[in-house]
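For reference, the structure discussed in these notes is given below.
The values are calculated or read from the model by the stated rules, or taken from the named source; none is laboratory data. This structure is a prediction, so every number in the text was calculated from the model and none was measured. Heads up, the Cβs are rebuilt from the backbone with ideal geometry, glycines too, and the neighbour counts pull from every protein chain shown. We work out accessible area using only protein heavy atoms, side chains counted, and drop any ligands, DNA or RNA first. Shrake-Rupley method; radii C 1.70, N 1.55, O 1.52, S 1.80 Å.
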Amino acid sequence: MKTNYVCSNCGGIYSKWYGKCPDCGEWNSFEESAEETPPKKGSKVRKTAALKGDSRVFALNDIPKSEKIRYQTGMNEFDRVLGGGLVKGSVVLLAGEPGIGKSTLLLQICANLGENHKILYISGEESPSQIKLRASRLGVDTQNLFILCETDISKIIPELNSLLPDIVLVDSVQTIYDEDLSPSPGSVAQVKAAARIFIEIAKTNGISVIMVGHVNKDGGIAGPKVLEHMVDAVLYFEGDKLYAYRIIRSVKNRFGSTNEIGVFQMSEYGLEEIPNPSEMLISERPDNVPGSCAVCVMEGTRPIVAEVQALAVQSVFPSPRRLATGLDYNRVNLILAVLEKRLGLKFGLNDVYVNVAGGLELKEPSGDLATAMALISSYKNIVIPKEYIAFGEVGLAGECRTVSNAENRINEAIRLGFKKIIVPYKTVSRLKKKYLGVEIVPVKSVFEILPIIS
Ligand SMILES: Nc1ncnc2c1ncn2[C@@H]1O[C@H](COP(=O)(O)OP(=O)(O)O)[C@@H](O)[C@H]1O
Ligand SMILES: [Mg+2]
């Protein structure tokens with residue numbers, strides 16, 4: 001029998017063992033696996049599952065049009081990330097690090113979903129009494145929620161067939177195993193097999209499935225990445241345990257846009273939605289301190305206002321320190337190089353720290369202009385007034401380039417009371433309407449920043 005090595009983080013398959021996965025860069029994530037063999041004939045799972053898709057050929061025109069049915073989870077933030085609710089018959093993977101709040105979220109959505117739909121919560125991690133305790137802490141009390149604490153798939157399927165729920169929650173997919181497969185629970189083959197069975201159940205019976213997938217750092221169990229291509233939607237639950245708030249981000253969605261985020265705050269009573277994250281992110285901005293600039297970025301379809309902070313101090317080290325939190329490190333270095341070369345600012349002699357306040361991650365280049373402004377502000381010790389906000393990309397020649405969704409960003413900035421909006425030069429001519437009561441300041445290049453703020 002041929003042996004392969006499979007990365008438990010990303011599912012990459014190689015014929016020899018590597019200490020570091022060439023695909024995803026994870027260390028110590030390879031596990032030995034026999035080449036995937038189909039389950040033995042007549043095995044328990046096959047018999048009980050007995051769920052086959054329709055394998056005939058259809059003309060596109062003959063396929064009846066069906067309306068997508070969506071279940072409202074009662075948490076608007078979560079519904080938006082899903083693209084407007086949980087689609088009937090879809091399979092969603094909810095991935096995140098242990099302790100981030102996945103089980104909490106699943107139980108909380110049961111409160112609303114359970115009003116009209118039958119839910120089966122399969123837990124391989126907690127006992128029924130633990131779940132009951134958590135449910136009462138979260139105030140979840142519904143007649144339609146059924147709990148099954150079981151990890152053996154062949155015992156889960158008969159329960160599923162007799163209960164016939166509308167929604168199945170699996171917490172977590174890595175604990176579910178099929179005893180007909182040899183590797184231990186949590187291995188790539190087991191996790192894929194478990195996911196495949198739940199997907200089959202979802203597609204043939206129109207049951208919606210949400211599977212929890214633990215993100216693991218040590219490679220001990222297969223990560224959610226090995227399942228991403230199999231499911232309809234992949235949601236990542238992000239957040240720093242040091243911050244109370246959590247972000248759910250969709251990275252794949254067959255029924256909605258990706259990069260959509262939902263913002264929550266973790267409290268004793270569970271996850272609370274934060275419908276206006278901008279207000280929270282800028283609520284603690286300091287007064288009269290150089291090195292702070294507001295920025296408006298897009299997260300999916302939503303504009304979010306955040307604060308970029310920069311601190312440039314004379315370095316005492318032979319090679320100055322650079323630190324970027326919430327921004328791309330290389331992007332910050334690029335902006336520093338542009339400012340040094342074009343404006344002659346001696347950042348090379350300074351330690352530079354850049355941070356996005358509140359723990360948000362800015363993933364798009366529209367934060368460049370605000371980063372450059374915060375850096376200049378700190379270097380020159382000039383305070384940027386609190387009612388200024390900026391967005392735009394900075395190029396290598398120091399030029400300011402337009403970014404998408406300018407109008408949405410401007411509207412959000414106006415809603416939050418900003419009075420001076422600094423935008424790339426070209427953006428202004430593309431605006432379809434005039435904005436009263438605010439000043440829209442076009443900039444062509446980084447040369448124009450200093451006159452604006454001083
Ligand atoms: N009794 C409690 N009071 C307040 N917060 C709690 C309590 N129990 C758990 N939590 C919060 O819930 C989090 C665990 O969430 P959980 O849904 O179990 O995470 P996951 O399922 O992602 O591992 C903890 O990190 C903690 O912040
Ligand atoms: Mg959990």
request  = May I ask you to list the residues in the range 74-117 that are within 12 Å of ligand 2 (Cβ to nearest atom) and acidic (Asp, Glu)?
outcome  = 97
key: Residues being part of a helix (DSSP H, G or I) and in contact (Cβ under 8 Å) with a residue 24 or more places away in the chain - total across the range 158-176   = 8
note = In the range 112-139, anything open to solvent by less than 20 Å² (accessible area, probe 1.4 Å) and either in contact with a Gly (Cβ under 7 Å, 6 or more places away or on another chain) or farther than 30 Å from residue 180 by Cβ (or both) is listed as 113, 114, 135
request  = Name the one entry in 380, 420, 434 that is of a type in the set (D, E, K, R), under 22 Å from residue 288 (Cα atoms) and out of contact with any strand residue (DSSP E or B) (no Cβ under 8 Å at 6 or more places or on another chain).
outcome  = 380
key: Filtered residues of the range 231-267 (kept if at pLDDT below 85, away from ligand 2 (no atom under 16 Å from the Cβ) and of a type outside the set (Gly, Ala, Ser))   = 240, 242, 243, 245, 258, 259, 260
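Mind checking whether some residue in the range 142-161 is within 14 Å of ligand 1 (Cβ to nearest atom) and either of a type in the set (A, V, I, L, M) or open to solvent by 20 Å² or more (accessible area, probe 1.4 Å) (or both)?
So the first thing to find is which residues in the range 142-161 are within 14 Å of ligand 1 (Cβ to nearest atom), and the list is none.
Within the range 142-161, not a single residue is within 14 Å of ligand 1 (Cβ to nearest atom) and either of a type in the set (A, V, I, L, M) or open to solvent by 20 Å² or more (accessible area, probe 1.4 Å) (or both).
Find the residue count for the range 100-138, including only residues that are part of a loop (DSSP other than H, G, I, E, B), within 13 Å of ligand 1 (Cβ to nearest atom) and of a type outside the set (Val, Ile, Thr).
Within the range 100-138, the subset part of a loop (DSSP other than H, G, I, E, B) is 100-101, 114-118, 124-127.
Subset that is within 13 Å of ligand 1 (Cβ to nearest atom): 100-101, 124-126.
With of a type outside the set (Val, Ile, Thr) added as a condition, the list becomes 101, 124-126.
Matching residues across the range 100-138 total 4.
Wholly within the range 357-430, which helices (runs of 4 or more DSSP H) include no fewer than the required count, namely at least 1 residues that are under 15 Å from residue 446 (Cα atoms)? So that I can check it myself, show each step before the final result.
Details: elements: 368-380, 406-415, 425-430.
Counting at least 1 such residues, we get 368-380, 425-430.
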Complete set of residues in the range 118-137 that are within 27 Å of the chain's Cα centre (by Cα) and more than 13 Å from ligand 2 (Cβ to nearest atom) = 119, 120, 135, 137
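Conditions (1) within 23 Å of residue 416 (Cβ to Cβ); (2) exposed (fewer than 14 other Cβ atoms within 10 Å of the Cβ); (3) not acidic (Asp, Glu), marked per residue:
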{"position": "227", "(1), (2), (3)": "no, no, yes"}
{"position": "234", "(1), (2), (3)": "no, no, yes"}
{"position": "278", "(1), (2), (3)": "yes, no, yes"}
{"position": "304", "(1), (2), (3)": "yes, no, yes"}
{"position": "309", "(1), (2), (3)": "yes, no, yes"}
{"position": "319", "(1), (2), (3)": "no, yes, yes"}
query = Which of the residues that make up the range 390-406 are within 23 Å of residue 419 (Cβ to Cβ), touching a residue at least 60 places away in the same chain (Cβ under 8 Å) and polar (S, T, N, Q)?
reply = 405
key: Any pair with Cβ under 6 angstrom, 6 or more apart, that starts in the range 320-348 at a residue that is assigned by TED's automatic domain parsing to the domain that holds residue 291 and ends at one that is open to solvent by 30 Å² or more (accessible area, probe 1.4 Å)   = 323/353; 325/355; 326/361; 345/379; 347/340
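Quick one: count up the residues across the range 67-90 that are in a strand (DSSP E or B) and within 24 Å of residue 134 (Cβ to Cβ). Write out each step before concluding.
Within the range 67-90, the subset in a strand (DSSP E or B) is 70-71, 86-87.
Those still in the list that are within 24 Å of residue 134 (Cβ to Cβ) too: 71, 86.
Residues meeting the conditions: 2.
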key: Qualifying residue in the range 186-200 (condition: within 16 Å of ligand 2 (Cβ to nearest atom), surrounded by fewer than 23 Cβ atoms within 10 Å (Cβ to Cβ) and either free of Cβ contacts under 8 Å to residues at least 40 places away in the same chain or in the same structural domain as residue 89 (by TED's automatic domain parsing) (or both))   = yes
query = For residue 195, are the conditions met, namely being closer than 26 Å to residue 88 by Cβ and more than 16 Å from ligand 1 (Cβ to nearest atom)?
reply = yes
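Condition check ((1) outside the structural domain of residue 247 (by TED's automatic domain parsing); (2) farther than 23 Å from residue 340 by Cβ; (3) open to solvent by 20 Å² or more (accessible area, probe 1.4 Å)) across all residues:
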position: 352; (1), (2), (3): yes, no, no
position: 364; (1), (2), (3): yes, yes, yes
position: 389; (1), (2), (3): yes, yes, no
position: 395; (1), (2), (3): yes, no, no
note = Filtering the range 1-18 for residues that are more than 23 Å from residue 229 (Cα to Cα) and assigned to a strand (DSSP E or B) leaves a count of 1
ask   = How many residues are surrounded by fewer than 19 Cβ atoms within 10 Å (Cβ to Cβ), within 27 Å of the chain's Cα centre (by Cα) and within 24 Å of residue 338 (Cα to Cα) when one looks only at the range 402-433?
value = 2
task = Within the range 91-99, identify whether any single residue is closer than 25 Å to residue 148 by Cα, away from ligand 1 (no atom under 14 Å from the Cβ) and touching a residue at least 12 places away in the same chain (Cβ under 8 Å), and answer yes or no.
result = yes
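Take residue 84 and decide whether it is farther than 30 Å from residue 277 by Cβ, at pLDDT 90 or above and open to solvent by less than 90 Å² (accessible area, probe 1.4 Å).
Details: farther than 30 Å from residue 277 by Cβ: no; at pLDDT 90 or above: yes; open to solvent by less than 90 Å² (accessible area, probe 1.4 Å): yes.
The answer is no for residue 84.
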